[in-house]
């Protein structure tokens, strides 16, 4: 059997920032609830953020060592702020665009000239850009109102805007409060072109000085991922109890169905083949289209796939194969 790496003495405390949505923090809470990260000598000092942008700024400022985020892993790290070292999943249908029931907006192309709220630079904004492009509409031809996501959803629910691009679990609030709202697009409609991957980013300093701890995170993550995929029911119940008590278990399970998860061996193949890097680069190109930055940077410069692959090789040997 593969024996997890030992960290002598007391567990190492790591300042971890995260977003509270299942695609981002599911692996985190499952591993914490089962004591898996602790087994690998890791003790997380957690800080919750509402956007990957704010989390990335905290990483840049030095107050966070490791951040777990969504589409923003294709943004700040490409500009030299942090290094991506671990991916969680693909946000297949977590992002969604709703329109008001009586707005006359029945399809994406009808958004031209309309007011839509979202949080710029996030997974929801990536969906909006891709959906508009596919529909032949320039992003600039939509009146995009930039707000934090709770405010963006609130603006939609009060009728202040005609549409909203959001993500789970905010869509649950919309469906319950405005059952007549139209869902005109979701991220899964554009898979795999708009595959939005999320994952773990280390600050530059932490990456340079603590590679062993990043390996330990990856080793623990492999165990967590195996548990999540092969015992989903009990895993989701554990996540629900520790992190999402405000939702029903059925709501959490609904969120799980909107995410594409992969077995550890599948991830290893995608890391080796370059597929994982291509997904990161696809979203990077969307950020360039949104004007977040100008120059494309190959993912190999800010995505260290070696950490996961080293951890996986040890994991596979210990289990007798992938």
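The values are calculated or read from the model by the stated rules, or taken from the named source; none is laboratory data. Computed from a predicted model, the values in this text were never measured in an experiment. Don't worry about glycine lacking a Cβ; one is built from the backbone with ideal geometry, like all the others, and counts go over all protein chains shown.
Okay, residues lined up against (1) touching a strand residue (DSSP E or B) at 6+ places or on another chain (Cβ under 9 Å); (2) under 16 Å from residue 26 (Cα atoms):
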{"position": "160", "(1), (2)": "yes, no"}
{"position": "174", "(1), (2)": "yes, no"}
{"position": "197", "(1), (2)": "yes, yes"}
{"position": "242", "(1), (2)": "no, yes"}
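For region 304-316, the condition holds for no residue, the condition being that it is under 24 Å from residue 127 (Cα atoms) and at pLDDT 95 or above.
For the condition surrounded by 24 or more Cβ atoms within 10 Å (Cβ to Cβ) and either at pLDDT 95 or above or under 22 Å from residue 242 (Cβ atoms) (or both), residue 14 does not qualify.
When each of 52, 26, 82, 70 is tested for being in contact (Cβ under 8 Å) with a residue 60 or more places away in the chain, within 17 Å of residue 227 (Cβ to Cβ), touching a helix residue (DSSP H, G or I) at 6+ places or on another chain (Cβ under 7 Å) and surrounded by 23 or more Cβ atoms within 10 Å (Cβ to Cβ), the lone residue that passes is 26.
Residues in region 85-100 that are surrounded by fewer than 24 Cβ atoms within 10 Å (Cβ to Cβ) and outside any strand (DSSP E or B) were compared, and the one that is farthest from the chain's Cα centre (by Cα) is 100.
Just to be sure, is residue 208 out of contact with any helix residue (DSSP H, G or I) (no Cβ under 7 Å at 6 or more places or on another chain) and in the same structural domain as residue 271 (by TED's automatic domain parsing)? Answer is yes for this residue.
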